[in-house]
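The values are calculated or read from the model by the stated rules, or taken from the named source; none is laboratory data. Note that the structure is predicted; figures quoted are calculated from it, not measured. When we count neighbours, we look across all protein chains shown, and the Cβ atoms used for this are built from the backbone with ideal geometry, even at glycine. With ligands, DNA and RNA removed, areas are computed over all heavy atoms of the protein, side chains included. Shrake-Rupley method; radii C 1.70, N 1.55, O 1.52, S 1.80 Å.
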Amino acid sequence: MIEFSDIDEIVFLIKKQYGYDFEGYSRASLLRRINRFMELSGLVTIVHLKNELVNNPENFNTFINEIVVNVSEFFRDPDFFKSLINNVFPYLESYPKINIWSAGCSFGEETYSLAILLKEMNLLCKSRLYATDISTNALDKSKKGIYSNKDFKEYSKNYFSCGGKESLNQYFVSDGQKSIINAELKKDILFSRHNLVTDGVFKECQLILCRNVLIYFNDELQNKVLKLFYDSLPVHGFLALGNKETLRFSTIQDKFRIIDGKEKIYQKIK
Ligand SMILES: C[S@@+](CC[C@H](N)C(=O)[O-])C[C@H]1O[C@@H](n2cnc3c(N)ncnc32)[C@H](O)[C@@H]1O
């Protein structure tokens, strides 16, 4: 197992070898997750770990899947979705075709939440949702769209708080233990792998959602990713970061106007 003091060396190695920057990640979380990966892979010391990272690039995917934080939930922070419905959807309505990028989609909860609300506002039929993540494991789960029933009471409460009109259950098929998202909601979503740190513009989109992802990046990297979002938006396009992240200290803040200062929803103006 590695120690706290070994983390910088591993972070440096990953960045040098693969271009992935985990500098801004919480050290405690990184330590826990790297050690879990080592345990699962039968790696005992830091030398074994470094050897694995350098000499077995084919296992790097597994490593990434283990160390990223995939926590998510349906209708997480309902005020955020409420604001999207009130402040962004009316603009989107005017477009004949709407492209939306959900960056760092984790297991798909955020993207499916959005798809449900778009459907209820009669916008899903002209929308295409692109959901991306660095983790192949997260993307596989997203595509399957299978979720445990244990948190559905909370999800349902959040769904109504953010303006949901129907019953959340109608969007799933349940066997009592788990619920599977309806195929109808899946058909307008394209899940694919994209690394915000190293990959380029994904697609021009009228709305980009990226919540609870930048918090893991240092300032320099946040700026780089925000610039990527800027380049992926047309003028009048929206960037929705959620209440934990901000454009405030970035180099591109003057290119946006604030739509919702609390939920950090911005519109590109130049
Ligand atoms: C905490 S989850 C957030 C999920 C969702 N956006 C939400 O707010 O509920 C963070 C996600 O960002 C992804 N992620 C981390 N680094 C990334 C990167 N460099 N490129 C793309 N996705 C990344 C992780 O794999 C994880 O699924």
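The condition of being modelled with pLDDT under 95, of a type in the set (A, V, I, L, M) and more than 30 Å from CYS162 (Cα to Cα) holds for only one of ILE10, ILE46, ILE67, ILE34, that being ILE67. Test ASP219 against the criterion of being closer than 30 Å to SER26 by Cβ, acidic (Asp, Glu) and touching a residue at least 24 places away in the same chain (Cβ under 8 Å), and give yes or no. Yes: the conditions hold for ASP219. Restricting the range 48-86 to residues that are of a type in the set (Val, Ile, Thr) and away from the ligand (no atom under 15 Å from the Cβ) leaves a set whose member that is farthest from PHE37 (Cα to Cα) is ILE85.
Screening the range 153-261 for strands (runs of 3 or more DSSP E) wholly inside it with 1 or more residues that are over 22 Å from TYR91 (Cα atoms) and open to solvent by 40 Å² or more (accessible area, probe 1.4 Å) returns the ranges 172-174, 178-181, 189-193.
Please pick out the residue among SER167, SER174, SER179, SER232 that is out of contact with any helix residue (DSSP H, G or I) (no Cβ under 9 Å at 6 or more places or on another chain), modelled with pLDDT of 90 or more and among the polar types (S, T, N, Q).
Numbers: SER167 fails: out of contact with any helix residue (DSSP H, G or I) (no Cβ under 9 Å at 6 or more places or on another chain); SER174 fails: out of contact with any helix residue (DSSP H, G or I) (no Cβ under 9 Å at 6 or more places or on another chain); SER179 fails: out of contact with any helix residue (DSSP H, G or I) (no Cβ under 9 Å at 6 or more places or on another chain).
Unique residue meeting the criteria: SER232.
Against the numbered list (1) of a type outside the set (S, T, N, Q); (2) closer than 20 Å to PRO78 by Cβ; (3) in contact with a Gly (Cβ under 9 Å, 6 or more places away or on another chain), GLY242 comes up short only at (3). Every residue in the range 110-138 that is buried (at least 23 other Cβ atoms within 10 Å of the Cβ) and without any contact (Cβ under 8 Å) to a residue 60 or more places away in the chain, please. Answer for the range 110-138, where residues must be buried (at least 23 other Cβ atoms within 10 Å of the Cβ) and without any contact (Cβ under 8 Å) to a residue 60 or more places away in the chain: SER113, LEU118. Only one entry in VAL69, VAL47 is part of a loop (DSSP other than H, G, I, E, B), hydrophobic (A, V, I, L, M, F, W, C) and either open to solvent by 10 Å² or more (accessible area, probe 1.4 Å) or in contact with a Pro (Cβ under 7 Å, 6 or more places away or on another chain) (or both), namely VAL69. Among the residues of the range 77-105, those identified as in contact with a Ser or Thr (Cβ under 9 Å, 6 or more places away or on another chain) and open to solvent by less than 50 Å² (accessible area, probe 1.4 Å) are PRO78, PHE81, LEU92, ILE98, ASN99, ILE100, TRP101, SER102, ALA103, GLY104, CYS105. If we scan the range 3-19, do we find a residue that is open to solvent by 50 Å² or more (accessible area, probe 1.4 Å), of a type in the set (S, T, N, Q), outside any loop (DSSP other than H, G, I, E, B) and within 23 Å of ASN137 (Cα to Cα)? Within the range 3-19, one or more residues are open to solvent by 50 Å² or more (accessible area, probe 1.4 Å), of a type in the set (S, T, N, Q), outside any loop (DSSP other than H, G, I, E, B) and within 23 Å of ASN137 (Cα to Cα). The set of residues from the range 104-130 being in contact with an Asp or Glu (Cβ under 8 Å, 6 or more places away or on another chain), within 16 Å of the ligand (Cβ to nearest atom) and on the phi < 0 side of the Ramachandran plot comprises CYS105, GLU109, ALA115, LEU129.
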